[in-house]
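For reference, the structure is listed below as structure tokens.
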Amino acid sequence: MMALYTSKAFSRDAVAILYYSIVLTGITVFVSAFIGIIQVLSLVQNVVEPEGRFWDGVDAIGENYDIVGGCICGVFLLVGVGSILVYRPWRRRQARRAQGSTGSGSEQSSISDPSSETGLTAGPPAP
């Protein structure tokens with residue numbers, strides 16, 4: 001994230017910063033919810049001492065947090081790389097959609113194509 005916020009290319013593109021922030025926040029919420037649910041289920045298992053295949057799985061996950069941690073790192077890596085690969089096509093589609101909604105196409109959209117030679121715009125078009 002530090003590279004994203006300090007990069008000169010991204011500092012001009014507020015949509016890119018917002019996109020990557022949403023992706024990282026989504027991963028973080030998913031991972032924290034997963035860990036929280038496992039912790040609550042482990043507490044329930046210690047107090048109530050239920051039996052069954054489900055509770056055996058909860059016990060196995062609770063005993064192997066090193067593997068869970070490695071999987072979490074892998075999820076961050078895979079989703080991060082995936083979001084990088086998906087960003088440009090998504091941005092181009094959004095730019096086409098914005099140009100199509102302006103009518104004749106003579107007006108400039110506030111979302112520009114990141115691969116265009118004109119550069120990136122983050123704000124409304126100039127008058």
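Just a yes or no: is a residue in the range 77-89 within 23 Å of the chain's Cα centre (by Cα) and under 15 Å from residue 35 (Cβ atoms)?
Quick first cut of the range 77-89, residues within 23 Å of the chain's Cα centre (by Cα) only: 77-89.
This time we only want the ones that are under 15 Å from residue 35 (Cβ atoms), so: none.
For the range 77-89, residues within 23 Å of the chain's Cα centre (by Cα) and under 15 Å from residue 35 (Cβ atoms): absent.
Among what's in the range 46-87 and is of a type in the set (Asp, Glu) and assigned to a helix (DSSP H, G or I), pick the residue that is surrounded by the most Cβ atoms within 10 Å (Cβ to Cβ).
Selected residue: 59.
Which pairs have Cβ atoms under 8 Å, sit 6 or more apart or on different chains, and link a residue in the range 86-100 that is over 16 Å from residue 13 (Cβ atoms) to one that is at pLDDT below 85 and among the hydroxyl-bearing types (Ser, Thr, Tyr)?
Taking only residues 6 or more apart or on different chains, the pairs are 99/109.
From the list 95, 60, which residue is modelled with pLDDT of 75 or more and under 25 Å from the mean Cα position of the chain (by Cα)?
Working: 60 fails: under 25 Å from the mean Cα position of the chain (by Cα).
Sole residue among the options that is modelled with pLDDT of 75 or more and under 25 Å from the mean Cα position of the chain (by Cα): 95.
Does residue 84 qualify as being β-branched (Val, Ile, Thr) and at pLDDT below 90? Show your work before the answer.
Details: β-branched (Val, Ile, Thr): yes; at pLDDT below 90: yes.
Considered against the rule, which asks whether it is β-branched (Val, Ile, Thr) and at pLDDT below 90, residue 84 comes out as yes.
The values are calculated or read from the model by the stated rules, or taken from the named source; none is laboratory data. Keep in mind that this is a model prediction, so the values were computed, not measured. For neighbour counting, all protein chains shown are included, and Cβ atoms are generated from backbone atoms with ideal geometry for every residue, glycine included.
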